[in-house]
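Remarks on the structure that follows.
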Amino acid sequence: MHVDDIVSHLEMTSQEQLIPAAPVPEEIVLREVSDAELDVIKDVHDRLARPFYWRSLAWGREQWLACLNKEGIRTWLADVGGEPMGLVQLHIHPGGDVEFDFFGVVPEFVGKGYGGHLLTIATRLAWSICPDDVDTVRRVWLKTSCYDHPSAKKNYESRGYRHFHTETIPRDLVMPQT
């Protein structure tokens, strides 16, 4: 199905802008992963992306490997009780920008505060990763689609991210496979 996707760009220009979410009852542990765990990464990605028609649902193995091995890309799975519940992928750009390429939690954890807490942890992580060519991170930013979870943009804004750009992008929705 062809649609117009309204994409909002949000940013933090200082780590002091972060408004932490309330803690959750179970500890979230981030563990950095590589393409050696592609099957687990793809499973978590597909579980969290399927309800929102992410374009990356159509990616094959080669596209995933290219994504995971792209210069500046680092990827983490978020675990609760030893089970993956979320995905964080950061793109460290030259000049001090760190961009969220992927962020989300699987449906079983939606609406329970885990998304806000994971975003707090991931944002702190983004501010701590310094690009090789500068001494400090200049800004952390992300994009959110009108087709993302209805609470996604509110979560980003509640953590202190500020809107700086909106664009409309024509695209085809990737229909979930059953």
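Of the residues in segment 100-117, at least one is buried (at least 20 other Cβ atoms within 10 Å of the Cβ) and out of contact with any strand residue (DSSP E or B) (no Cβ under 9 Å at 6 or more places or on another chain). Checking each residue in segment 1-32 for being modelled with pLDDT under 95, hydrophobic (A, V, I, L, M, F, W, C) and closer than 21 Å to Glu167 by Cα picks out Met1, Val3, Ile6, Val7. For segment 32-70, filtering for residues that are within 14 Å of Asp101 (Cα to Cα), surrounded by fewer than 13 Cβ atoms within 10 Å (Cβ to Cβ) and touching a strand residue (DSSP E or B) at 6+ places or on another chain (Cβ under 9 Å) leaves 1. For residues that are part of a strand (DSSP E or B) and among the aliphatic types (A, V, I, L, M), scanning just segment 131-173, find the one that is modelled with the lowest pLDDT. Per the criteria, the residue is Ile169. Picking from residues in segment 1-57 that are touching a helix residue (DSSP H, G or I) at 6+ places or on another chain (Cβ under 8 Å), among the β-branched types (Val, Ile, Thr) and not in a strand (DSSP E or B), the one that is nearest to Asn155 (Cα to Cα) is Ile19. All conditions in (1) in contact with a Leu (Cβ under 6 Å, 6 or more places away or on another chain); (2) in contact (Cβ under 8 Å) with a residue 60 or more places away in the chain hold for Gln17, with the sole exception of (1). The set of residues in segment 4-18 being surrounded by fewer than 14 Cβ atoms within 10 Å (Cβ to Cβ) and out of contact with any strand residue (DSSP E or B) (no Cβ under 6 Å at 6 or more places or on another chain) consists of Ser14, Glu16.
I'd like the full set of residues that are in a strand (DSSP E or B) and not hydrophobic (A, V, I, L, M, F, W, C), limited to segment 73-101. Answer for segment 73-101, where residues must be in a strand (DSSP E or B) and not hydrophobic (A, V, I, L, M, F, W, C): Arg74, Thr75, Asp79, Glu83, Pro84, Gly86, Gln89, His91, Asp97, Glu99, Asp101.
Listed here are the residues, each with its yes/no results for (1) closer than 16 Å to Asp43 by Cβ; (2) within 10 Å of the chain's Cα centre (by Cα); (3) of a type in the set (Gly, Ala, Ser).
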residue	(1), (2), (3)
Thr75	yes, yes, no
Pro84	yes, no, no
Gly96	no, no, yes
Trp127	no, no, no
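The values are calculated or read from the model by the stated rules, or taken from the named source; none is laboratory data. Computed from a predicted model, the values in this text were never measured in an experiment. Positions of Cβ are generated from backbone atoms using ideal geometry, with glycine treated the same way; all protein chains shown enter the neighbour counts.
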